[in-house]
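Engineer: So that we are looking at the same thing, I have put the structure below in structure tokens.
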Amino acid sequence: MPKVTSKLQVTVPKAVAERFGIRPGDEIQWEATGSVIHVIPPRVQQRRASLEDRLKAFDEATARQQRRQRRSPRARAAKGRGWRREDLYTRAQPR
């Protein structure tokens, strides 16, 4: 497992570098997401869509989902199934 040096440098394992095409001199991008750090290799950085493109794609997906929900009938509540949700917590207990 790679360690951080006193100069805050990290060595990329050879297998990872080969898999993602990382070569000496490449610039990699570090992205903090919550409590996780993503390392984005240069080949992926070039393919990433701009913020505008991602927002447009999100809006289009939201509109598609709304159209689907309008077309499909609403799910009806299950009636007469013989049990209630609360029964799930007591079924296995001895009486």
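Engineer: Here are some conditions: (1) under 25 Å from the mean Cα position of the chain (by Cα); (2) at pLDDT 85 or above; (3) surrounded by fewer than 10 Cβ atoms within 10 Å (Cβ to Cβ); (4) part of a helix (DSSP H, G or I). Arg70 meets all but one. Which one does it not meet?
Structural biologist: (1)
Engineer: Filter segment 33-67 down to residues that are of a type in the set (S, T, N, Q) and in a helix (DSSP H, G or I) and give me whichever is farthest from the chain's Cα centre (by Cα).
Structural biologist: If we take residues in segment 33-67 being of a type in the set (S, T, N, Q) and in a helix (DSSP H, G or I), then Gln66 is farthest from the chain's Cα centre (by Cα).
Engineer: Can you tell me which of (1) aromatic (Phe, Trp, Tyr); (2) in a strand (DSSP E or B); (3) surrounded by 10 or more Cβ atoms within 10 Å (Cβ to Cβ) is the one Trp30 doesn't meet?
Structural biologist: (3)
Engineer: So Ile40 fits all but one of (1) touching a strand residue (DSSP E or B) at 6+ places or on another chain (Cβ under 6 Å); (2) modelled with pLDDT under 75; what number is the exception?
Structural biologist: Condition not satisfied by Ile40: (2).
Engineer: Hey, another quick one. The conditions are (1) among the hydrophobic types (A, V, I, L, M, F, W, C); (2) in contact (Cβ under 8 Å) with a residue 12 or more places away in the chain; (3) assigned to a strand (DSSP E or B), and Ile22 fails exactly one of them. Which is it?
Structural biologist: Among (1) among the hydrophobic types (A, V, I, L, M, F, W, C); (2) in contact (Cβ under 8 Å) with a residue 12 or more places away in the chain; (3) assigned to a strand (DSSP E or B), the lone unmet condition for Ile22 is (3).
Engineer: Something else now. At pLDDT 90 or above and either part of a helix (DSSP H, G or I) or in contact with a Gly (Cβ under 8 Å, 6 or more places away or on another chain) (or both) - does that describe any residue in segment 5-15?
Structural biologist: yes
The values are calculated or read from the model by the stated rules, or taken from the named source; none is laboratory data. Values in this document were obtained by computation on a predicted structure and should not be read as measured data. Neighbour counts are summed over all protein chains in view; Cβ atoms, including those assigned to glycine, are modelled from backbone coordinates with ideal geometry.
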